[in-house]
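Right, one structure below, let's go through it.
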């Protein structure tokens with residue numbers, strides 16, 4: 001479970017990139033985080049993972065405060081950033097061993113998980129190659145494998161489909177569903193609205209740092225009494241919010 005309470009963050013001390021966000025992401029669900037470019041999605045995810053600290057408010061992962069109990073909180077999640085950042089001089093298998101060491105994954109368990117996950121994502125045959133020879137998509141697959149080595153309770157992904165081929169995207173979506181069905185938490189941001197519509201149990205839509213909607217696609221349709229696609233509803237909601245004098249919103 002992920003809990004944000006009255007979380008705000010500003011980079012310049014004037015405008016909040018994340019503005020007084022309160023949100024609970026439950027165990028056993030895939031939660032999609034949507035918003036226009038610059039809306040605050042990536043900032044919010046960096047706050048949840050402790051890469052940034054909030055100016056106000058608190059964030060907890062499975063009950064552990066990301067500031068006060070940082071180590072315990074970070075043991076419980078894996079984070080896949082929007083841009084793969086890896087030690088490119090390492091071989092892929094060396095990177096995965098390093099990640100296994102960081103999380104204290106037992107050698108036999110590590111080997112089994114590396115074998116299973118690398119086959120699922122189609123990189124088993126290149127584990128002995130240097131990462132600098134990998135394409136962006138291959139590096140993304142490697143990071144996904146590394147993120148799952150310690151079988152985290154919470155999986156946080158920022159634009160995870162970027163650079164993935166169709167087969168790997170399908171594998172990732174299937175694994176996200178399996179994770180949630182096992183009672184774990186999956187939080188991911190995306191610009192691919194049809195993926196969000198098909199995969200997510202609930203959605204959060206953020207615009208100009210404010211959380212303007214939390215709920216299911218059907219609840220969003222009910223609000224507008226419209227059976228349109230998520231893309232149409234999303235654009236309408238963002239437009240309505242921008243046109244409203246005080247940014248009217250509805251949040252669960």
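The values are calculated or read from the model by the stated rules, or taken from the named source; none is laboratory data. Worth saying up front: this structure is predicted, and the values here are computed from it rather than measured. FYI the Cβ positions are ideal-geometry reconstructions off the backbone, even for glycines, and counts take in every protein chain you see.
Just one of the listed residues (13, 35, 40) is more than 28 Å from residue 103 (Cβ to Cβ) and without any contact (Cβ under 8 Å) to a residue 24 or more places away in the chain, and it is 13. Residues that are at positive phi and out of contact with any strand residue (DSSP E or B) (no Cβ under 9 Å at 6 or more places or on another chain) within region 185-238 comprise just one, 225.
Go through 112, 124, 92 for me and flag whichever is loosely packed, with under 15 Cβ neighbours inside 10 Å and not assigned by TED's automatic domain parsing to the domain that holds residue 41.
112 is the lone residue from the list that is loosely packed, with under 15 Cβ neighbours inside 10 Å and not assigned by TED's automatic domain parsing to the domain that holds residue 41.
Residue-wise test of (1) assigned to a loop (DSSP other than H, G, I, E, B); (2) outside the structural domain of residue 208 (by TED's automatic domain parsing); (3) buried (at least 23 other Cβ atoms within 10 Å of the Cβ); (4) in contact with a strand residue (DSSP E or B) (Cβ under 6 Å, 6 or more places away or on another chain).
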position: 14; (1), (2), (3), (4): yes, no, no, no
position: 19; (1), (2), (3), (4): no, no, no, yes
position: 24; (1), (2), (3), (4): no, no, no, yes
position: 33; (1), (2), (3), (4): no, no, yes, yes
position: 38; (1), (2), (3), (4): yes, no, no, no
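Specify which of the listed residues (52, 47, 4) is in a strand (DSSP E or B), in contact with a strand residue (DSSP E or B) (Cβ under 8 Å, 6 or more places away or on another chain) and buried (at least 16 other Cβ atoms within 10 Å of the Cβ).
4
Just one of the listed residues (132, 119) is free of Cβ contacts under 8 Å to residues at least 24 places away in the same chain, surrounded by fewer than 17 Cβ atoms within 10 Å (Cβ to Cβ) and not assigned by TED's automatic domain parsing to the domain that holds residue 72, namely 119. When you check residue 157 against the structure, is it within 27 Å of residue 125 (Cβ to Cβ) and buried (at least 19 other Cβ atoms within 10 Å of the Cβ), yes or no? Yes, satisfied. For region 163-195, taking the residues that are in a loop (DSSP other than H, G, I, E, B) and in contact with a helix residue (DSSP H, G or I) (Cβ under 7 Å, 6 or more places away or on another chain), the one that is nearest to residue 232 (Cα to Cα) is identified as 190.
Filtering region 67-116 to residues that are part of a loop (DSSP other than H, G, I, E, B), over 21 Å from residue 159 (Cβ atoms) and touching a strand residue (DSSP E or B) at 6+ places or on another chain (Cβ under 8 Å) leaves 67, 76, 89, 90. If you go through region 196-217 and pick out every residue that is under 26 Å from residue 141 (Cβ atoms) and assigned to a loop (DSSP other than H, G, I, E, B), you end up with 2.
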